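Okay, structure first, notes after.
The values are calculated or read from the model by the stated rules, or taken from the named source; none is laboratory data. Since the structure is predicted, the reported quantities are computational estimates derived from the model, not experimental observations. Note that each Cβ is placed from the backbone with ideal geometry, even for glycine, and that neighbours are counted across all protein chains shown. These accessible areas exclude ligands, DNA and RNA; they are computed on the full protein's heavy atoms, side chains included. Shrake-Rupley method; radii C 1.70, N 1.55, O 1.52, S 1.80 Å.
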Amino acid sequence: MFVSVDLIGNPKIMIKHGYDTILKTYIKTAVFYNEDGTIYNKKYTRIDLKKLLNY
């Protein structure tokens, strides 16, 4: 299973769930919309993780 997470919002995800990193952290920019319809950009730190699933 592959996931991309915000390390600031989820700092314990790697340890708690046993994920391994795929790449170094990187900056991601996303577009968000306010309730009034105005648009704003937000930058956040991401990291891609992987975990082998046992079947």
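Modelled label positions at Val31 and Lys16, each set 7 Å beyond Cα in the direction of Cβ, lie 3.2 nm from each other. Highest mean first, the peptides 44-51, 18-25, 31-38 sorted by other C-beta atoms within 10 Å per residue fall in the order 44-51, 18-25, 31-38. Among the protein heavy atoms of the range 12-55, carbon and sulfur supply 53% of the accessible surface, probe 1.4 Å, non-protein parts ignored.
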